[in-house]
Amino acid sequence: MKREAGLQQEIGLAAQALRLARRVVVFTGAGISAESGIPTFRDALTGLWSRFDAAELATPEAFERDPALVWGWYEWRRRRALAAKPNPGHVAVAALAEHCAEFCLMTQNVDDLHERAGSREVIHLHGSLHQPRCSACGRAFDYESSSEPMGGGELSEGRLDPPACGDCGEPVRPGVVWFGEPLPSAALERAFAAAGDCDVLISVGTSGVVYPAAQVPIHARQSGAVVIEVNPQPIGVAATHFLAGPAGVILPKLVRLASADSAL
Ligand code: NAD
């Protein structure tokens, strides 16, 4: 009871900061899509993939060593994202944008659930499951989005041969940023510029351990912004307001409260 009252009070304070804010940034991680049924990176992998460590599949070395294993895993993830629906957390973020004088949304997620909830101009720091490209020449892979597994050979034990590039014939790779690869520089620059120049940054569903993206909320805080963190578990970023709970429950409350007295 006492804890619940503390949370309500904290949501009230966070909503007040949002009402006073002119420039608002939302920074999201895998946790915001958890309630849409997409496992976070830290969740144990299920089924066919339970014998792997996600971080070991998400590297250029893994793709070089065993392209069918890595492509098969990303195809499983792409199809899963395609079947998922945006949840109230994604919808609340899209609604918040409509109430803000200046708004910027950046995500580490590689699904497209923010866009499907109505958010526009989303900065994708870690690429997208839906934009595969050639591993050699970089040409975007032209394909029709469907729930059918895309690739050659037999889908066996989750493994699937990646398709070949129409230009150079080399294997197509997922359009995501892997561990050890640089982030797209334009996206990173825009993200840091917005975080360094905002009044409030809301960090949602991220464990804050994947750099350099994890530096974004820290940069906002160091630049004088109010940082609101939404996560069932505190992650240790020095947030001004920590709102403990799932994004799909907390964000709609926060946005409703912040826009009730629409100075936003
Ligand atoms: P992470 O898996 O490291 O951390 C997830 C965080 O979300 C944890 O702190 C957890 O406590 C929190 N969380 C769990 N359920 C939540 C909920 N309902 N509401 C709010 N928070 C919740 O994810 P990360 O920090 O984004 O970093 C890992 C990398 O994994 C990212 O680079 C991302 O590209 C990639 N990834 C993306 C997706 C996706 O696109 N949906 C899924 C898995 C991994």
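Observations on the model:
- Anisotropy class of the stretch 205-251 from Cα gyration tensor, a/c 1.5 cut: oblate
- In this calculation the C-beta distance from Asp66 to Arg23 is compared with R0 = 45 Å, giving a FRET efficiency of 0.50.
- Note on the chain: GNM, Cα springs under 10 Å; of Ala225, Ala117, Ala140, the largest mean-square fluctuation is that of Ala140.
- Under Karplus coefficients 6.51, -1.76 and 1.60, residue-wise ³J(HN,Hα) of the stretch 24-33 in Hz, glycine/proline x: 10, 10, 10, 10, 10, x, 3, x, 5, 9
- Measuring max minus min along each principal axis, the C-alpha atoms of the chain give extents of 57, 38, 30 Å (largest first).
- Overall form of the stretch 1-42 per C-alpha gyration tensor (a/c, 1.5; a/b vs b/c): oblate
- Highest mean packing first, where packing is the average number of other Cβ atoms within 10 Å per residue, the peptides 29-36, 232-239 line up as 29-36, 232-239.
- The sum of -39500 (n - 2.57) across all DSSP H runs of n ≥ 4, divided by the residue count of the chain, sets its helix-only mean residue ellipticity at 222 nm to -11000 deg cm²/dmol.
- A dipole drawn for the chain from +1 and -1 charges on Cβ atoms has a positive end, and of Ala58, Ser128, Gly12 the residue lying farthest that way is Gly12.
- Relative contact order, whole percent, for the stretch 82-159 stands at 25, derived from Cα pairs under 8 Å and 6 or more residues apart.
- Shape of the stretch 24-152, Cα gyration tensor, a/c cut at 1.5: prolate
- Protection proxy ranking for 13-22, 196-205, using the average of other Cβ atoms within 10 Å per residue and placing the highest first: 196-205, 13-22.
- A compact globular protein would have a Cα radius of gyration near 2.2 N^0.38 Å; the ratio found for the stretch 123-264 is 1.36.
- Charge dipole (debye, nearest 20) of the chain; +1 at Cβ of Lys and Arg, -1 at Cβ of Asp and Glu: 840 debye
- Distance in nm between pseudo-label sites at Asp161 and His99 (7 Å out along the Cβ direction from Cα): 5.4 nm
The numbers here are math on the coordinates, done by the rules we state, and not lab data. It should be emphasised that the depicted structure is a prediction, and the values quoted were computed from it without experimental measurement. Because the Cβ atoms are built from the backbone with ideal geometry, glycine has one as well, and the counts that use them run over all protein chains shown.
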